[in-house]
Amino acid sequence: MCWICDHPQATRSDYLNHMLDLVATYGWAVQGVSRDGLHPPWAYTVGLTEAGLPELVVSGMSVRRAHELLNDVASHIVHPGVALLPGQQVPLVGGPTLEIVELSETKAGLVTAVDIYGPGIRALQLVHADDRGHWPWQVGYRGHQFVLGERVCPPATAA
């Protein structure tokens, strides 16, 4: 069950304070958004902005799986000297290959992060290849994810 469902008398301000408590405790929180009739599920971090990092977004996978992926990647990038670059491809052990895409607009999809940190936040999307290695921008891609920015071509190399 979601926090808002468990606290039906709570206000939006109560929820934002709850998220800030999570950020204070863990360094970031993950906001999941369930699938609806028009959009696949997606999830994003809230709180990496406080560490001077971009928030992270993933779409087209279950909220639970997205939550795990975002926590794994966030825990990696909070270390000094580790950065994700737009265009960088990152193969995951036991998972899909990711390509990093910088969001062109954060206001629409990252509502909680924008409510807390303002519309000027930066965010990177973790775009994932399908089980055959195809990307959403390629013919033959099997999946349901939206891409919220433009690719950097050719992909950047990891530093």
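The values are calculated or read from the model by the stated rules, or taken from the named source; none is laboratory data. Small disclaimer: the values here were computed from a predicted structure and weren't measured. Cβ coordinates were reconstructed from backbone atoms using ideal geometry, including for glycine residues, and neighbour counts include every protein chain displayed.
Side notes on the structure shown:
- Residue in region 128-135 that is within 22 Å of Y26 (Cβ to Cβ) and surrounded by 15 or more Cβ atoms within 10 Å (Cβ to Cβ) present: no
- Residues in region 81-103 that are under 23 Å from I121 (Cα atoms) and at pLDDT below 85: G81, V82.
- Test: residue in region 49-63 that is touching a Pro at 6+ places or on another chain (Cβ under 6 Å), among the hydroxyl-bearing types (S, T, Y) and more than 25 Å from I4 (Cβ to Cβ): no
- Scan of region 119-145 for residues that are within 13 Å of P54 (Cα to Cα) and in a loop (DSSP other than H, G, I, E, B), ordered by number: P119, G120, I121, R122
- Counting only residues that are surrounded by fewer than 17 Cβ atoms within 10 Å (Cβ to Cβ), touching a strand residue (DSSP E or B) at 6+ places or on another chain (Cβ under 9 Å) and either not hydrophobic (A, V, I, L, M, F, W, C) or not in a helix (DSSP H, G or I) (or both), region 91-114 holds 6 of them.
- Checking the stated criteria, V73 turns out to be over 26 Å from R12 (Cβ atoms) and either outside any loop (DSSP other than H, G, I, E, B) or in contact with a Phe, Trp or Tyr (Cβ under 9 Å, 6 or more places away or on another chain) (or both).
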